[in-house]
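Contents: one structure, followed by commentary.
The values are calculated or read from the model by the stated rules, or taken from the named source; none is laboratory data. The structure presented is a predicted model; accordingly, all values stated were derived computationally and were not measured. FYI the Cβ positions are ideal-geometry reconstructions off the backbone, even for glycines, and counts take in every protein chain you see. Calculation scope for accessible area: heavy atoms of the full protein, side chains included, ligands and nucleic acids excluded. Shrake-Rupley method; radii C 1.70, N 1.55, O 1.52, S 1.80 Å.
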Amino acid sequence: MSKSASRRKLSFQIVSSLFIVFGLGLLALILAGHNAIRIVDQSALARQQRMASRSLAETVASIPEQQRSATVWDDAIRNIIARDEKWLDLNLGSWMQEYFGHHESYILDEENQPLFVSILGEIRSPETFETRADAIAPLVAQLRGTMAEASAGQDDAYEQLAEVAVVRPIRLSGEVAFVSVVPIISDTGEIPQLPGTESLHVAVRYIDEVLAQEVGQAIELDRTAFQSAPPDEDMAGFAVTDPAKNILSWLVWKPHQPGMDLFLKMFPALLMFGLASGVVLIWLVLRLLRVSGQLEAREAQAQLDIMALNEAREKAEAADRAKLNFLSVLSHELRTPLTVILGFSRLGKNLRQLPSAKQLDERLKLRPTDVSDMQASFDEVVGFTTTAMEKIDKSGEHLLFLVNQLLDYAKLEAGSMKADPKVCDVEQVVEPVVAQMSILAEQKGLRLETSLRSSLIWADVTRTRQILINLLGNSIKFTDSGKVSVSVTETESQIHIDVSDTGAGIEPEEIDRIFEPFHQIDSSSTRSVEGTGLGLAVVKQLAELEGGTIKVHSEVGVGSTFTLSLPRETIASLDMAV
């Protein structure tokens with residue numbers, strides 16, 4: 001990492017840390033404030049709902065009290081008996097509508113039939129009550145039952161009946177109204193009334209804007225109204241229901257939000273505080289960046305020194321590990337053929353001690369000697385000796401190969417190995433190598449397939465064959481079943497020789513390292529194949545020495561393909577060949 005990049009990274013860490021802390025603090029403040037506002041506003045809304053419900057209940061409860069101002073009255077009974085319609089309208093009809101805001105007034109006789117009807121300040125015929133009779137009948141029946149209970153066992157129960165009333169919201173032909181029913185009784189008790197003979201007064205007050213304002217003004221609510229639908233998000237309210245819990249209407253209002261109101265009042269001050277905090281934060285960031293610049297420079301230099309030391313240490317450790325692995329592998333490789341050579345050479349020094357040699361010696365001493373037995377014993381001794389010599393020869397060749405590989409690598413490292421390129425036919429370069437390696441393939445039961453073509457290349461024949469021997473040898477060593485193939489393809493400027501196998505493949509993390517000197521995928525003493533780990537390193541350097549390249553493509557469990565790419569013949573190369 002460069003010095004400037006490191007400095008930018010540290011500066012970014014400082015700035016981001018400060019902004020994160022400031023942001024988290026601001027977020028916590030906003031969440032706490034929002035929660036406090038929500039709690040305050042919810043508490044205020046609950047209080048408003050309780051007060052609105054209580055105010056509506058008190059307003060509705062006042063309707064029977066308003067009626068009793070004219071229904072608990074001896075004159076009311078006398079004028080009902082006299083059927084004085086004018087007096088009834090002035091005291092029990094239009095007067096109550098004008099003064100108390102009632103909309104309809106009815107007087108029912110002891111059989112619950114209408115004696116007097118007044119609607120919106122006008123006297124109507126008794127038949128008008130028929131449109132209301134079914135809706136009001138349950139209230140009248142309930143009041144009659146309550147009156148009967150209050151009058152039970154008493155001759156004159158006017159005092160008990162003075163407190164009796166039934167009031168509830170009902171729907172009247174599309175209108176929703178509060179209906180109150182009270183008895184018309186004597187205020188002095190001087191006018192006798194048999195229980196059940198009392199007349200009834202019915203007051204109807206519509207649920208309208210006037211009633212809503214009356215309820216809202218009592219507790220200082222804004223925009224109070226009755227509506228058929230529930231309140232939207234900006235409004236508060238509750239349902240007005242009948243005794244069966246059927247919703248008849250909604251009382252709604254604009255809720256007071258003391259928490260939000262307080263926030264809006266304080267918002268300018270909060271905004272100024274936020275801006276001031278931002279200025280302080282920026283100043284603090286600049287100061288810290290200035291101080292951190294010096295620390296960054298020192299840190300960057302220290303990191304460079306540490307990186308250099310670590311890199312040197314890692315290279316030294318890697319070199320030590322590679323040398324140790326190489327020595328371990330080399331000792332193992334040399335020990336195996338040497339053991340074979342020494343073992344059979346010792347047997348050769350004591351050839352007479354072999355069972356077959358002793359048997360031959362005994363037969364020679366016997367007379368007469370059977371020529372066929374003599375020949376069999378001789379063949380056995382010669383066969384054993386031939387096998388031993390073959391193993392000694394094979395081990396010697398292996399030792400020679402190892403030594404040559406070490407010498408080649410040493411020459412390549414020293415820069416003393418030279419290439420002698422010339423124009424040659426790639427098919428003639430490859431075919432001898434294939435013929436040589438086919439024996440190894442047959443010994444392992446592998447098919448060795450070729451797909452060659454005659455093309456001229458500019459290459460060192462010896463070095464190219466050395467490369468192919470290494471590649472084919474590796475493919476055969478690491479392939480247990482299937483086939484090994486060699487194919488030639490060409491492009492405009494290069495000839496490509498592919499050596500493919502159906503072996504175990506190479507792990508992805510190992511592909512970049514297989515061309516390193518002394519590196520082996522399996523460097524343990526129990527590895528299944530031989531080698532010093534120099535073969536592919538030599539292959540890579542030889543290919544580059546010829547002006548070519550070596551690449552590998554491998555898939556675990558499928559196989560590997562090594563591609564040697566060498567330059568094609570050119571006019572300049574042909575001139576040099578001539």
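Quick notes on this structure:
- Summarising the amide proton neighbourhood of VAL484: residues at separation of 5 or more, or on other chains, whose placed amide H is nearer than 5 Å comprise ARG447, LEU448, GLU449.
- Rolling a 1.4 Å probe across all protein chains gives ARG513 an accessible area of roughly 110 Å².
- With all protein chains modelled, accessible area of LYS483 [1.4 Å, Å²]: 70 Å²
- Spin-label pair LYS551-GLU127: with each label point 7 Å from Cα along the Cα-Cβ axis, the two points sit 10.9 nm from one another.
- 3J(HN,Hα) along the range 83-97, derived from phi through the Karplus expression 6.51 cos²θ - 1.76 cosθ + 1.60 where θ = phi - 60°, amounts to 6, 7, 5, 5, 5, 4, 5, 5, 10, 10, x, 5, 4, 5, 5 Hz, with x in place of Gly and Pro.
- Under the Karplus curve 6.51 cos²θ - 1.76 cosθ + 1.60, θ = phi - 60°, whole-Hz ³J(HN,Hα) for the range 132-139, x wherever Gly or Pro sits: 10, 4, 5, 6, 8, 3, x, 5
- Once you reduce the range 452-467 and the range 44-66 to the center of their Cα atoms, the two points are 108 Å from each other.
- Taking amide H as placed 1.01 Å from N in the peptide plane, the amide H of ILE184 sits under 5 Å from that of SER199, LEU200, HIS201, each at least 5 places away or on another chain.
- Within the accessible area of the range 186-250 (1.4 Å probe), percent carbon and sulfur: 49 percent
- For the range 50-55, Karplus couplings with θ = phi - 60° (6.51, -1.76, 1.60), whole Hz, Gly/Pro x: 5, 5, 5, 5, 5, 5
- 1.4 Å probe accessible area per residue over the range 235-309, in Å²: 68 Å²
- Largest to smallest accessible area among VAL240, VAL40 [probe 1.4 Å]: VAL40, VAL240
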